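The structure under discussion appears below in the form of structure tokens.
The values are calculated or read from the model by the stated rules, or taken from the named source; none is laboratory data. All figures in this text were calculated on a predicted structure; none of them were measured in a lab. Don't worry about glycine lacking a Cβ; one is built from the backbone with ideal geometry, like all the others, and counts go over all protein chains shown.
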Amino acid sequence: MSAELAALARRSFLGQVSTGMAGLALADLLRDAPASAAEPLSGGALAEPHLVPRARQVLQIFCPGAASHIDLWDHKPELDRRDGERLPGEEEFLSFQGPNGPLMRSPWPFAPAGESGKPISTLLPHMARHVDDIAFIHSMTSRTNTHGPGCVFMNSCFTREGFPTAGAWVSYAYGTLNSNLPTYVAIQDVRGEPPNGKANWSSGFLPARHQGIPLSAQQPLRNLRPPESVTEREERTTRDLLRALNERHAAAHPAESELQARIAAYELAARMQLAAPAAADLASESESTHAAYGTADENPLKAAYARNCLLARRLLEQGVRYVSLYCASRASAVDGLLNWDAHKTLKGDYERHGPVFDQPTAALLDDLKQRGLLNDVLVLWTTEFGRMPTRQSTTQGRDHNPDAFTCWMMGAGVRGGVSYGATDDFGRRSVTDVATAYDFHATVLELLGIDHERLTYYHNGTNRRLTDVHGHPIRAIMA
């Protein structure tokens, strides 16, 4: 080879090496990318809502461990009167952990709150001021009495893992409101993940981009910061080069829309490097806001949850479509230590969990209301099932009860100050307008403008939906 040809070959190699390396990197990223990544990133599967939407975003507050309805929301005067007696008709009933003792009244009196006079446990003095804006569903039931499947069921309407959660379905239906932030975020408690962990915000068989992104005030999104050895100028020029190469490729191959959509998915990660840290910057909030939430409380668990509540408001304000906020975590060797699972010492456990939940949650609801966000945000409070009105044999705690529990809704599209359904005189079973997770999520979807029977995804030979083959919207709680 002549010297002239050798120089030309060297120049050609040097001129194309950056393109080649970028191509190798992109090929590696695309190797495992699902074909469904070709869906448009901003829009969703629905070209337009099925119904007139009353809400655009969702905040789900989840208290794992089966928070007791009869000690928080569902007052039972008959339980107070017959404390210490055997449960009529179920004297020998065996629940999740075995025999039950006598009926046990709540350790905390209930007091009427708001103009509606709704009785609320005095364990939650801050939450009491919101009762006139809340629609309580007192007749919830579950298909399981085990925490992991129960949490997954309340989030996905299936007791088995592998099915999309409600947040993933909403992401699939509507897509993002802010192309610089995730569509669906799961804010974990400082104590850890809830029972069954990431299955609670899984995308299941839906495209992976619809899964919830785990985030918390104490653990920001990982891998967002470039290495310290890379300067801001180098980062910017590298992105500019990649953008130019991508635009050149797009011009040369206009029919390859799938490739362009996948590239756009990876560009979202780059935009999040700038947007996510700003959205999670709690230092920009006023001292009065921090004081209202309790972010500097001497109780570190309460302070951590308060910061997560403040983070949730900021994410909603920035257009995150679905935010799941967890208060407590998984089960532990000591019942009731890390979550609301009070098998042995109900009073001690709930006097630990109640104050963590009460002030920060009430402040979050205040903040959403004052900023006008409740015009668009539907707030949900959920837990996986309820607890027995009896005490467990030889303990001062309550066992699992899948036959009766309370969930509630507030905000966009919801009638405040109402109670739907009812349990029996002791809170043992739901007896009036019995409701399920299917009904609950059918209601959520309808408030978002979605017919729960028409939002489907073809998988394994059938059109799957969030509510399986069940569910009816609870229109009595809709405004």
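Figures for the structure shown
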item: Subset of segment 119-131 (residues that are under 20 Å from L364 (Cβ atoms) and either surrounded by 16 or more Cβ atoms within 10 Å (Cβ to Cβ) or among the β-branched types (V, I, T) (or both)); result: I120, S121, L123, L124, P125, H126, M127, A128, H130, V131
item: Residue list for segment 382-416, filter: buried (at least 19 other Cβ atoms within 10 Å of the Cβ), in a loop (DSSP other than H, G, I, E, B) and of a type in the set (V, I, T); result: T383
item: Yes/no for G461 being in the same structural domain as F205 (by TED's automatic domain parsing) and closer than 20 Å to G167 by Cα; result: no
item: Criterion (crowded, with 17+ Cβ neighbours inside 10 Å, touching a residue at least 60 places away in the same chain (Cβ under 8 Å) and in contact with a Leu (Cβ under 9 Å, 6 or more places away or on another chain)) met by exactly one of C151, C157; result: C157
item: Of all residues making up segment 124-142, the number that are part of a strand (DSSP E or B) and either polar (S, T, N, Q) or outside the structural domain of I61 (by TED's automatic domain parsing) (or both); result: 1
item: Those strands (runs of 3 or more DSSP E) lying entirely in segment 417-479 with at least 2 residues closer than 23 Å to V52 by Cβ, modelled with pLDDT under 95 and among the polar types (S, T, N, Q); result: none
